[in-house]
Every structure is written in structure tokens, then in C-alpha cells.
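What follows is a set of notes on a single structure, which appears directly below.
Derivation of every value follows stated rules applied to the coordinates shown; laboratory data play no part. Nothing here was measured: the structure is a model prediction, and the numbers come from that model. Reconstructed Cβ throughout: ideal geometry from the backbone, glycine too, with neighbour counts over all protein chains shown.
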Amino acid sequence: MSKTVLVTGGTGFIGNCFCKLLLTERPDWNVINVDVCTYAANIHTIDEELKNERYKFYKVDIRDREAIFDIFEKECPNIVVNFAAESHVDRSIFDPESFLNTNIIGTSVLMDACRKFGIERFHQVSTDEVYGDLPLDRPDLFFTEETPLHTSSPYSTSKASADLLVLSYFRTYNLPVTISRCSNNYGPYQFPEKLIPLMISKALKDEPLPVYGEGLNVRDWLYVEDHCRGILAILEKGRVGEIYNLGGHNERNNLYIVKRILKELNKPESLITHVADRHGHDQRYAIDPHKANVELNWDPTTTFEEGIVKTINWYLSSYGQNWLEECLKTTEEWMKKNYNNRK
Ligand code: NAD
Ligand code: DAU
């Protein structure tokens, strides 16, 4: 049956992958992308989608109540999937306020529009960072949906706050909501401020690769398309009011990731430079995806080896290199702020 899905943050890394998935695999669904296009959005990310007659783009801020309500009135979406967010932990350490504004207030504006105009589902794209971190010496521990919220950074706190707000709209207003909490994504079109694309871009230029601290922090890496398939499964099979953890059972420490990238690009490990650690740096993330597996029959399909090679090849393609250069133009100031004089 035909549906109209309003995707926020659809010009960003994961939101765009989700739009691509819907346009390819749900041929009678329409996709509305609402994105204000912050520094993290390269407009060329949506070049292909803009040619599709089932896709529409609104350059609008999710905090702009009037504009958001107008879009809902005009487009009558059946489903809303909220990807729009300030998403970089390091930036949240310098500027918490923009994270609180977009990630919390923006989410409430969207849900108010859902209440007013009626909706089949509001899905909140959240993160495993809401659970805080796990110690490195307890590999037996994993995050389940029952793990208490215990955040470390302004970013993760803003995401946890939004999750609580979403659950409160379910309980108080009966808004049909779901939440997914996913581990670290990687893949094409990821903005080069995050570990994997940053290290690829540095290695390509033979510049030092800045590893925080000893590089032993562990993340659970998931290929972006697997995350998007998990969200689609939640929309189609998930129970309203529920939270689903999505993760890859693919834990690697940062040094492993950086060395793997250097190997693939045939660059020397001497490019690795240890720099001062991130404040409040989470040690280890590890998702237990049992619930999504049993209830939704969801499982990641891309192994890390396949995914990392696909990702690196995309950044090496002439399209990927142009895209990367465009993004890097908007990060010069950030790079100085975060990496110069790191103590
Ligand atoms: P991203 O930074 O690449 O993209 C975010 C998008 O949101 C950008 O296109 C930006 O322009 C847009 N945006 C920001 N503020 C906005 C506003 N006020 N109004 C409208 N649009 C706005 O982020 P991403 O990595 O694609 O993450 C998407 C979502 O997934 C986020 O909610 C993030 O918390 C969550 N998440 C990310 C990861 C990961 O590893 N990247 C893992 C788990 C969850
Ligand atoms: O777990 C999900 C989260 O993953 C998402 O909610 C966030 O939006 C996403 O940005 C990501 O957060 P991380 O902080 O884990 O990702 P990041 O790529 O910034 O860092 C990954 C690891 O690499 C982390 O341990 C810090 C380290 N790192 C990062 C950068 C940018 C470095 O050592 N050097 C760097 O320059």
C-alpha cells in the first residue's frame, strides 16, 4: 500500500541511505526529506534522489514550528522518521546548546505536528550512547533495551532526553512511537569529521592520523545500510511504544580501524599520531541486538571486511573524492578548533 514517509535529516549520512532504501525497495512509497542543511549536509548527497518523482526536498529547520506544520498539512505523511540531529560528540563538547535545541526541541516540534495532523508512526532514530559505556575488561557485558540511561557527553544527553520525551508522548498522548538505538555506523557519504572518513581523508593526503589517547576504545561498527534495513523492519513489524537496539556484534578498537584503513590504502602506520584524549571518552559500546533479531527477524548482512572495503572504494572513486573535498571546505575552522593545541 502506498505511503508517504517524512524523513528528517535526509541529506545527512544515514538519513540519505534510508531514503535511497525506501525509493528502491518500496516502489509505491513517497519520500519527503526535511533538512535544514547544516555544515554536515553536502547538497550533492541527494543529487540522484532529486531526480526521482517520488522524492521531495524541503530545506527547513525541524525547530521551525510554523514551517513544519505547513509541510504536514500539505504532504499528510503517514510515517515520520526523525534522523535530523547534531550528531558529533566532539562538537557537543564545544557547543552543547545547538545539540539541545535541535535534538530535543526539534523532536518535540515534530511530535506536536504528528499529534495535530495524525500519524501512523513516529520513529525516533537514537543511539547506543544513551546507555553510557561499558568497561574494557568486561567483554561479557552488552547494552540491552533495559540497560539504564547513563550518558557521558552533551550529545548523548540530548539524545537520551529526546528518547524520554518520545516515550512520554506515547504514554501521555498515545502517539504511536518507536525508537531504535544503534551502534556506530560507517559507509559512503559519512561526513569526514567522524573516525572512519576522517582517517581515510587524512591517509589520502599523507597527513597525521589523530588517534585519541591510546586508541583502545571500542566501538561496535555496523554498515549503514544494515542500520536502515533495521529501521524499515521496525516500521513494518515493530510494536508501538517499544525500543529496539540495532548493532553489528562487530567490536573493534580504534587502533584496529585506523591500521585497517592504512593497510587498504597502502600507507605506513607511521602516519598514526596519538593526541590528547576526548573529555569524558566512552570506553566501549556493545549492543545486544537479540530483541530485533527475534521480533523483527533483523540481522546485519554486511561483514566488516566487506563493508570497510566498499566504504574505502567509495571514497576513492572520483565521485567520492569530489564529495569529500566539498565537505572538507566546510571543516577547516573545526579542524583547527578540535585538533590544534590538543592538550
Ligand atoms: P549527520 O550529521 O550526517 O546528519 C544529520 C542531518 O541532520 C544533516 O543533514 C543536517 O543538515 C540535519 N539537521 C541537523 N539539524 C537540523 C535541524 N535543526 N533541522 C533539520 N535538519 C537538521 O548524522 P548521521 O550520522 O546521519 O546521524 C543521523 C541520526 O542517527 C542522528 O539522529 C544520530 O544521532 C543517529 N545515529 C547516528 C549514528 C552514527 O554512527 N552516525 C549511530 C546511531 C545513531
Ligand atoms: O555509537 C553511536 C554514535 O557513534 C552516534 O550516536 C554518533 O552520532 C556518532 O558520531 C558515533 O559517535 P562516536 O563518538 O563513537 O564516533 P566518532 O567517529 O566521533 O569516534 C569514534 C571513536 O574514534 C571514538 O572512540 C573517538 C575516536 N576518534 C574520533 C575522532 C574523530 C579518534 O581517536 N580520533 C578522531 O579524530
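Taking amide H atoms as placed 1.01 Å from N in the peptide plane, the amide H of Y58 lies under 5 Å from those of N33, V34, D35, each 5 or more residues away in sequence or on another chain. Amide H contacts of I272 (H built 1.01 Å from N, in plane; Pro and chain starts excluded): L209 sit under 5 Å, all sequence-distant by 5 or more or on other chains. Computed extension length for H44-C76: 8.8 nm, one decimal, from 0.36 nm per residue of separation with the Cα-Cα distance subtracted.
Per residue, the average separation of C-alpha pairs within less than 8 Å and at least 6 apart gives the stretch 51-201 a relative contact order of 27 percent. Under the simplified labelling scheme, the E269-N52 pair shows an inter-label distance of 4.2 nm, with each label point 7 Å from Cα along Cα→Cβ. With K and R counted +1 and D and E -1, the other residues having a Cβ less than 14 Å from that of T102 yield a net charge of -2.
Can you tell me the orientation of helix 224-237 relative to the chain, as the angle in degrees between its alpha-carbon axis and the longest Cα principal axis, to the nearest 10? Value to nearest ten degrees: 20. Packing, as the average of other Cβ atoms within 10 Å across residues, places the peptides 187-199, 212-224, 142-154 in the order 187-199, 212-224, 142-154, highest first.
Contact order, relative form, for the stretch 172-273: 42 percent (alpha carbon pairs under 8 Å, 6 or more residues apart, mean separation divided by residue count). Against the longest alpha carbon principal axis of the chain, how many degrees, from 0 to 90 and to the nearest 10, is the axis of helix 65-75 turned? So the inclination is approximately 70 degrees.
Across the stretch 292-309, computed HN-Hα scalar couplings (Karplus, 6.51 cos²θ - 1.76 cosθ + 1.60, θ = phi - 60°) run 5, 5, 6, 7, 10, 6, 9, 8, x, 10, 9, 6, 4, 4, 5, x, 6, 5 Hz from first to last residue, x flagging Gly and Pro. Using C-alpha pairs below 8 Å separated by at least 6 residues, the relative contact order for the chain is 18 percent. Taking each DSSP H run with n ≥ 4 as -39500 (n - 2.57) and averaging over every residue of the chain yields -12500 deg cm²/dmol at 222 nm. The stretch between S318 and T24, if pulled fully straight at 0.36 nm per residue, gains 103.5 nm over its current Cα-Cα span.
What Kirkwood hydrodynamic radius, in Å, does the chain give when the mean of 1/r is taken over all pairs of distinct Cα atoms and then inverted?
20.4 Å
Under a model in which nothing but the beta-carbon of Lys, Arg (+1) and Asp, Glu (-1) is charged, the chain shows a dipole of about 180 debye around its Cα centre.
Using alpha carbons only, how many degrees (0 to 90, rounded to 10) separate the axis of helix 318-329 from the longest principal axis of the chain? Its long axis makes an angle of about 90 degrees.
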